[in-house]
Amino acid sequence: MIIFFSKICKWGGFYIRISSTKNAVYGGKMLNKVKSACGGTNTFEKVTFRTVPVYTAVIALLYFAKADDMSKIFLISGAVIAVIGELLRIWGCGHLVKTRELIISGPYAHLRHPLYAGTYLITFGFCVMAGMWWLLIVSQLVYALYYYPRKEVIEGFRLADIYGEEYYKYARAVPALIPSLKPYAKSDKKWSFQRVVKNSEIGILLAVIAGIAVLYLKFTGKI
């Protein structure tokens, strides 16, 4: 499913292929446009209008999910997928130190965007649990054609602006979403729970647990 998602992303029109340091000039200009569009010069400022649709879709899914559309096998399968997605995010957040250095440890040694991949799996898992196949198709198209490509553009140019050739080398060697078995490089950096907390992942973890619980209670007819 991630392979299909990755291929769709390439068709989205925003997908980045970084091939040489010559792209840094264009990347810098694009980054400035991104700063302006975000309403400030802080490149790390979060723009909530890009995340609101995701949260809204999940809340709508939990609200409209019906036991008649759900089955035990899909409930379990979807929960497993969502848990794997959240574990991937926790693994990534435990290695993520924003703005200080190019992260190549943990999952970042195998794929460039473990947090985006994790979010994709969580959304996919919830749709499977709820048995809402139409929403599954819609959500995958939104992720592939808008959410992820836009994130890739902004994140790619931001990192290129900061790290230059170091990032280009990394981006050429490490796949975006489909993890490679061979790590990019060895790193002594260890996973840290403090980083998970600092990167605000505990809230996401609790939301995933709550979402799974709500769908389970709906399936069993307790709510």
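The values are calculated or read from the model by the stated rules, or taken from the named source; none is laboratory data. The model shown is predicted, which means the values in this text are computed figures rather than measured ones. Every residue, glycine among them, receives a Cβ derived from its backbone with ideal geometry; neighbour counts consider all protein chains shown.
Kindly establish whether residue 92 is over 17 Å from residue 215 (Cα atoms), free of Cβ contacts under 8 Å to residues at least 40 places away in the same chain, touching a Phe, Trp or Tyr at 6+ places or on another chain (Cβ under 8 Å) and in a helix (DSSP H, G or I).
Details: over 17 Å from residue 215 (Cα atoms): yes; free of Cβ contacts under 8 Å to residues at least 40 places away in the same chain: yes; touching a Phe, Trp or Tyr at 6+ places or on another chain (Cβ under 8 Å): yes; in a helix (DSSP H, G or I): yes.
So residue 92 fits the description; yes.
Looking for something within 28 Å of residue 131 (Cβ to Cβ) and buried (at least 17 other Cβ atoms within 10 Å of the Cβ) - is there at least one such residue anywhere in segment 162-177? Don't jump to the end; show me each part of the working.
Pass one, segment 162-177, residues within 28 Å of residue 131 (Cβ to Cβ): 177.
Restricting the remaining residues to those that are buried (at least 17 other Cβ atoms within 10 Å of the Cβ) gives 177.
Taking every residue of segment 162-177 in turn, at least one turns out to be within 28 Å of residue 131 (Cβ to Cβ) and buried (at least 17 other Cβ atoms within 10 Å of the Cβ).
Using beta carbons and a limit of 7 Å, which pairs, at least six apart or on different chains, have the first residue in segment 43-71 and under 21 Å from residue 82 (Cα atoms) and assigned to a helix (DSSP H, G or I) and the second one of a type in the set (Gly, Ala, Ser) and modelled with pLDDT of 50 or more?
That search, which allows pairs on different chains as well, returns 57/139; 58/211; 61/130; 62/211; 67/221; 69/130; 69/131.
What single numbered condition from (1) modelled with pLDDT under 95; (2) surrounded by fewer than 20 Cβ atoms within 10 Å (Cβ to Cβ) fails to hold for residue 119?
With respect to (1) modelled with pLDDT under 95; (2) surrounded by fewer than 20 Cβ atoms within 10 Å (Cβ to Cβ), residue 119 is out only on (2).
Can you tell me which residue in segment 89-108 is nearest to residue 178 (Cα to Cα), limited to those that are of a type in the set (Lys, Arg) and surrounded by fewer than 19 Cβ atoms within 10 Å (Cβ to Cβ)? Let's see the steps before the verdict.
Narrowing segment 89-108 to residues of a type in the set (Lys, Arg): 89, 98, 100.
Among the residues that remain, those that are also surrounded by fewer than 19 Cβ atoms within 10 Å (Cβ to Cβ) are: 98, 100.
Numbers: 98: 22, 100: 25 Å.
That would be 98.
Counting only residues that are β-branched (Val, Ile, Thr) and surrounded by fewer than 15 Cβ atoms within 10 Å (Cβ to Cβ), which one in segment 128-147 is modelled with the lowest pLDDT? Reasoning before the result, please.
In the first step, residues of segment 128-147 are kept if they are β-branched (Val, Ile, Thr); the result is 128, 137-138, 142.
Then keep just the ones that are surrounded by fewer than 15 Cβ atoms within 10 Å (Cβ to Cβ); that gives 137-138.
Values: 137: 93, 138: 90.
In this case the residue turns out to be 138.
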